[in-house]
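Have a look at the structure below, then the notes.
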Amino acid sequence: MKINTLINKEPGYAICSIENMKIFKKLRDSFLKNLKIPHKYKKNINNARVQIAKMSKAEINRSMINFLTFNKNLSEMMINSCPKLIKDLCGKDLFIQRRAHTTINVPGNEHTKQWTHYEMISGISPFTYIFWAPLHDLDDDGGAYHIDLKTSLKIMKKEEKEGLVNGPRVLEMMGLKKPPRLKFGQAIIFNPFVLHGNIPFQSGFARIACNVRFQSCNKPLLQKNTDYLKYFRLS
Amino acid sequence: MTIAIINTDMNIGPFRIPGNGQNMITNNYAERNNFKVEEIIPEPFKSRSLATTQWVHKKKRLKIVILCSIHQLPLEKKRIKDLVNNMKKVEFHFALEGISGKGKRFLLDCIQEAKIFKDARIIDSQKTSWSKLYKIKNSKKY
Ligand SMILES: [Fe+2]
């Protein structure tokens, strides 16, 4: 089935291959370069992940200070790593997230995980897509799970009837599904009505992933504007 | 050489930010960037020309100005020309967008980006619901 259909219809998300690995590898190198850990661990992403897995939250935050430099071009790099697919979904003229996110998840049950949620909760427009990619192979449950669009919509409508959205029914869903084990060079693209989240995982490695949101600039906006988005034209 | 924050009308493009809210945003931005704010410039209600700022610049030679958003920049040709000519040496910071720079090119790029967003359609979130938004997503009308 066409990726476009998978993302917009059922199941609302698709696993795809990054088109330009040169850019994506550069992105990962830039992440490692800007990470504040001893130099000897920076040569290999898995060595870095082991170091991060041992850190406290405060230490991780401190190690991320240099990320401001890394994050500066992250959005463009991510978008440019999958130009054909993005063009197919949205055309060339885009609104992209001004500052893409890098998330670091540390293993262990005690660490807070991302509750199940719709990406719509932040006020992005319904025409937005989310592009999520790990910076390494996922060999454990440290990834993100997605719940098919049909189920997600059913729950949304049920909650809406009760005068609620993304309420306890959704929040309690955490852990019902296992995250797929993506390889480095794969990404998940999904629409903002798909429920997703992650679960606590056991591993000696931290999980590092980047994500960016984008939409066509010919489609309407909702609450997010220049505070969150910027204009970008695919070359 | 002065560092100033600029307050304008509360209608800032798609945002509505009251004066004290603008102060909080720009002062917090200044603090995070270690800027010592020496001047608060109040632009009049309903004005979008940044004329007071340009007048203050002539008197005090501003070095850095901090605004909430690129949506506070002028839209009219003549006003844009005045601003760019008079303030091309001043460093502009926009707290919500988190961008900064100076010179004609930078200011014109910011104004152009604000215009692209101004021209984009906006769904009124107060008049819709989650399921309506899902329908909108699939509707050919948009
Ligand atoms: Fe999310």
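GNM on chain A, alpha-carbon springs under 10 angstrom: the most fluctuating residue among A:Pro107, A:Pro168, A:Pro180 is A:Pro168.
With both labels modelled 7 Å from their Cα along Cα-to-Cβ, the B:Asp82 to A:Glu172 distance reads 6.2 nm.
Within the listed set A:Ile104, A:Ile52, A:Ile121, the Gaussian network model of chain A (springs between alpha-carbon atoms below 10 Å) gives the highest mean-square fluctuation for A:Ile121.
Solvent exposure of B:Lys60, expressed as accessible area, is near 100 Å², computed with a probe of 1.4 Å over the protein chains only. What's the center-to-center distance, using Cα atoms, between segment B:46-81 and segment B:86-142 in Å? Segment B:46-81 and segment B:86-142 have Cα centres separated by 19 Å. Using the Cβ of A:Asp227 as centre and a radius below 9 Å, the other residues enclosed give a net charge of +1, where K and R count +1 and D and E count -1. Is segment B:1-62 best put as rounded, prolate or oblate by its Cα gyration tensor, with a ≥ b ≥ c the root eigenvalues, rounded for a/c under 1.5, and otherwise prolate when a/b is larger than b/c, oblate when not? Because a/c hits 1.5 or more and a/b fails to exceed b/c, segment B:1-62 counts as oblate.
Cα convex hull of segment A:68-161: mean projected area in nm², to one decimal?
Average of the hull's projected areas for segment A:68-161 equals 8.5 nm².
When a/c is below 1.5 the answer is rounded, else prolate if a/b is larger than b/c, else oblate, so apply that to segment A:11-233 with a ≥ b ≥ c taken from the square roots of the Cα gyration tensor eigenvalues. Since a/c reaches 1.5 but b/c is at least a/b, the shape of segment A:11-233 is classed as oblate.
Per residue, the Cα convex hull of the protein assembly as shown amounts to 158 Å³.
What FRET efficiency comes out for the pair A:Lys2/A:Leu234, r = Cβ-Cβ distance, R0 = 22 Å, nearest 0.05? So the FRET efficiency works out to roughly 0.70.
Site pair A:Glu10 and B:Leu108 shows an inter-label distance of 5.3 nm when each label is modelled 7 Å from Cα along Cα→Cβ.
When segment B:2-138 is described by a simple charge dipole with +1 on each Lys and Arg Cβ and -1 on each Asp and Glu Cβ, the residue from B:Val90, B:Thr8, B:Cys68 located farthest towards its positive end is B:Val90.
The B:Lys132 and A:Lys36 beta-carbon pair, evaluated with R₀ = 41 Å, returns a calculated FRET efficiency of approximately 0.35.
Accessible-area rank, largest first, for A:Thr116, B:Thr8: B:Thr8, A:Thr116, with all protein chains present and a 1.4 angstrom probe.
So what's the net charge close to A:Asp140: Lys and Arg +1, Asp and Glu -1, counting the other residues with Cβ under 14 Å from its Cβ? So the environment of A:Asp140 carries a net charge of +3.
Among complete DSSP H helices in chain B, none has alpha-carbon atoms stretching at least 24 Å along the helix's long axis together with a mean Kyte-Doolittle hydropathy reaching 0.5.
The values are calculated or read from the model by the stated rules, or taken from the named source; none is laboratory data. For clarity, every value in this text was computed on a predicted model and none was experimentally measured. Heads up, the Cβs are rebuilt from the backbone with ideal geometry, glycines too, and the neighbour counts pull from every protein chain shown. These area figures cover heavy atoms from the full protein model, side chains too; ligands, DNA and RNA do not enter into them. Shrake-Rupley method; radii C 1.70, N 1.55, O 1.52, S 1.80 Å.
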